[in-house]
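Chemist: One structure coming up, written as structure tokens, with questions to follow.
The values are calculated or read from the model by the stated rules, or taken from the named source; none is laboratory data. All figures in this text were calculated on a predicted structure; none of them were measured in a lab. Cβ placement follows ideal geometry from the backbone for every residue including glycine, while neighbour counts extend to all protein chains displayed. Calculation scope for accessible area: heavy atoms of the full protein, side chains included, ligands and nucleic acids excluded. Shrake-Rupley method; radii C 1.70, N 1.55, O 1.52, S 1.80 Å.
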Amino acid sequence: MHKSISSVQNSLIKQFIQLSEKSRERKKQGLFIIEGQREISLAL
């Protein structure tokens, strides 16, 4: 599933920034960010 993001005002970008910067937001949403091929393959 691919989504095209054309604006930094996009809600997905705002959510990504919050998740990457704020542990409170990660706990609240029950989500986290995985970066890099190795980490993604380990998570799968």
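Chemist: Residues of segment 1-14 being open to solvent by less than 60 Å² (accessible area, probe 1.4 Å) and either assigned to a helix (DSSP H, G or I) or touching a Leu at 6+ places or on another chain (Cβ under 6 Å) (or both), which ones?
Modeler: As a first pass, look at segment 1-14 and keep what is open to solvent by less than 60 Å² (accessible area, probe 1.4 Å): 7, 10, 13.
Ile13, the sole residue that qualifies.
Chemist: Being at pLDDT 85 or above, among the hydrophobic types (A, V, I, L, M, F, W, C) and in a loop (DSSP other than H, G, I, E, B) is the requirement here; does Leu31 meet it?
Modeler: Working: at pLDDT 85 or above: yes; among the hydrophobic types (A, V, I, L, M, F, W, C): yes; in a loop (DSSP other than H, G, I, E, B): yes.
For Leu31, the condition - at pLDDT 85 or above, among the hydrophobic types (A, V, I, L, M, F, W, C) and in a loop (DSSP other than H, G, I, E, B) - is met.
Chemist: Sort out which residues of segment 15-44 are among the small types (Gly, Ala, Ser) and surrounded by 11 or more Cβ atoms within 10 Å (Cβ to Cβ), and write them in order of number.
Modeler: Step one: filter segment 15-44 for residues among the small types (Gly, Ala, Ser), giving 20, 23, 30, 36, 41, 43.
Hit for segment 15-44 is Ser20, nothing else.
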